[in-house]
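Okay, so here's the structure we're looking at.
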Amino acid sequence: MKILITGGLGKTAEPLISLLLQNHYAITVLDISKENPLSLNGRVQIIQGDICDSETVKKATENIDVIIHLAVNVTNPKNAALSFQTNVFGTYNLLFHAIQNHVKKVLVASSAPVHMSKNLLALKQSNPNADYFCSPDNDFTYDLTKNIQELIVQNFSRTYHMDSLVLRLGHIVDGKAQTDLNGSPLSELMYCRGGWVCRYDVARAFLKGIEADFCGFHLFHIIGSYQASECFDLTLPKEIIGFECREHFVNY
Ligand SMILES: NC(=O)c1ccc[n+]([C@@H]2O[C@H](COP(=O)([O-])OP(=O)(O)OC[C@H]3O[C@@H](n4cnc5c(N)ncnc54)[C@H](O)[C@@H]3O)[C@@H](O)[C@H]2O)c1
């Protein structure tokens, strides 16, 4: 089975690629970065290119069975035009070519509003029909584009009968090392406390998404912190793809 990972040179992709290689998947990475921080040469095919470029994506999606879509504008989040270009148009472009090239399944990393955990219960009570909440601060554009990205996946999936999963991830940390992704101890991390997910659980969730037999569009919250069940429905991943987080950050 051939897997295309967009944004495959980023932080989320690293343990995922290791896990997929252990499970003998053939991997192609499509990433705009000219660097190769993961030393992936020889073990995966790397296409240096932009998910917004039609020809690049057309070629990259040929003969692919499953796409894992991780590419995102985080390098310059204040550049709203680039965020809409990458996160919104890039997702449209990718799914357009996925349909043209008969890709069987698309798995997309989205973002759970874990940075709002203190206000989330109150927000949910006052907006019972709302499904997604954007931050009112610097993350507003990022959140908004991620929410639009989910809608794009949902509509492609329903219209063209494409099987797809949107995984709304909590704030990703390293549960084995008990650090954030920059190596600082979790004991010092207050950001999104109660809404963390271990990077190795994220990798396992995508693997389950590849291997599980499901139909249509599904959206899950993938958050490990034990406090998260107060605000998020965490039962669906187990029900539909047989996935549960292992790391629950019980000491934090
Ligand atoms: N890191 C977290 O805590 C977190 C939390 C929730 C959701 N997510 C989601 O996980 C996914 C991956 O995030 P990450 O933290 O690994 O980010 P990252 O910045 O480490 O990786 C993103 C990758 O996308 C690439 N990229 C950017 N623009 C591109 C383009 N136009 N074409 C091709 N490649 C492009 C970058 O070069 C980079 O390698 C994103 O969808 C993000 O929204 C991350």
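Each value in this text was obtained by applying a stated rule to the coordinates, not by laboratory testing. What you are looking at is a predicted structure, and each value in this text was computed from that prediction instead of being measured. Reconstructed Cβ throughout: ideal geometry from the backbone, glycine too, with neighbour counts over all protein chains shown.
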- Message: Using the crude model of +1 on Lys and Arg Cβ and -1 on Asp and Glu Cβ, and no other charge, please compute the dipole size for region 172-252 relative to its Cα centre, in debye to 20.
- Response: 140
- Going by a ≥ b ≥ c, the root eigenvalues of the Cα gyration tensor, does region 120-240 fall in the rounded group (a/c under 1.5), the prolate group (a/b larger than b/c) or the oblate group? oblate
- How would you classify the chain from its alpha-carbon gyration tensor, with a ≥ b ≥ c the square roots of the eigenvalues: rounded for a/c under 1.5, else prolate if a/b is greater than b/c, otherwise oblate? rounded
- Taking a cut-off of 17 Å between Cα atoms, list the aspartates and glutamates near Lys105, but don't count ones fewer than 8 places away on the same chain. Glu62, Asp65, Glu150, Asp163, Glu211, Asp213
- Query: Among the helices of the chain (complete DSSP H runs), which have Cα atoms covering no less than 20 Å along the helix axis and a Kyte-Doolittle mean of at least -0.5?
  - Reply: 140-160
- Query: Roughly how big is the chain's charge dipole about its Cα centre, with Cβ charges of +1 (Lys, Arg) and -1 (Asp, Glu), in debye to the nearest 20?
  - Reply: 160
- Let a ≥ b ≥ c be the square roots of the eigenvalues of the Cα gyration tensor of region 137-181; is it rounded (a/c under 1.5), or, if not, prolate (a/b larger than b/c) or oblate? oblate
- Task: Evaluate the relative contact order of region 4-102 (contact order divided by residue number), counting alpha-carbon pairs under 8 angstrom at least 6 apart; express in whole percent.
- Result: 30
- Task: Let me have the 222 nm mean residue ellipticity of the chain computed from DSSP H runs of 4+ only, each contributing -39500 (n - 2.57), with the sum over all residues rounded to the nearest 500.
- Result: -9500 deg cm²/dmol
